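What follows is a short report on a single structure.
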Amino acid sequence: MMRRLHALVAPLFSGVFWRATIAARQGRAFDRRHGTDTVERLPVAAMRDVPIDLARHAVHYEPSALPKLQRALRVVVRTLGARLPEFSFVDIGSGKGLVVMLASRHPFRLVLGVEMAAELHAIAERNLARYRIGGRAAPSRVVQGDALRVELPPGNLVVYLYNPFDAAVLEPFVDRLADVAADGRELLIVYVNPQHAHLLEDPRRLEPVFADAHLRVYRWRTATAVAASPA
């Protein structure tokens, strides 16, 4: 009996429990305010029309926790400063569009969400149609497609990853970003819940900008910086 009682009560004293509870409340409040649907989880098994070879590497849908997202955006704004309008913001695994909606409050050149699941993409389109903010907003849209193949915006990019897939897909995706950087474009990579951060920790290619247990931000080194790095 005491063990069962302890198992029930122990989470109430956990910081993780309370952070998750607060984040969930904030998400529900956002949906009530804007008439959107971002909170409800959706397992990969419930997503139709997702190729099997992609589904086995995907992570179930859950929205970016608002505190984590807001902190990540603050780091991006602080890092880029007045150069923010020179960058497009790309959310890989954009789900129901929460990140796209909030990033569009900032003066990026474009905010783009990329989602492979048709169900989530359809919800994101409805959410963006309902979401309205006062003042100027960055142009924003969502597309359905494979992150390894979908066309990325031209120019400099902020690439946002909320742990959208496992290492088997993240590794070739990072290689794809290397090809983008080889064209002379600047890249800032924002990785929230960085479960496979070791794949980005290559000092010859990526310069750490910010790091803690929940968030990693990297700047892709220029070709000049790479050439100057020790072997």
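Bear in mind these aren't lab numbers, they're just calculated from the coordinates by the rules spelled out. Bear in mind that the values here come from a model prediction, so they are computed numbers and not experimental data. Counting neighbours? That spans all protein chains shown, and the Cβs are built from the backbone with ideal geometry, glycine included.
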Expressed in nanometres to one decimal, the distance between label points 7 Å along Cα→Cβ at GLN195 and ASP37 is 2.5
Inter-part gap, Cα centre of segment 165-193 to Cα centre of segment 69-120, in whole angstrom, is 15
Taking only Cα atoms of segment 61-110, the Rg to Rh ratio with Kirkwood Rh works out at 0.96
With bins of 5 Å, the percent of all Cα-Cα pairs of segment 53-228 per bin from 0 is 1, 8, 18, 23, 23, 16, 7, 3, 1, 0
Treating every alpha carbon of segment 145-202 as one equal point scatterer without solvent, the Debye formula yields log10 I(q)/I(0) values at q = 0.30 Å⁻¹ of -1.56
The ratio Rg/Rh over the Cα atoms of segment 122-173, Rh being the Kirkwood inverse mean 1/r radius, stands at 1.01
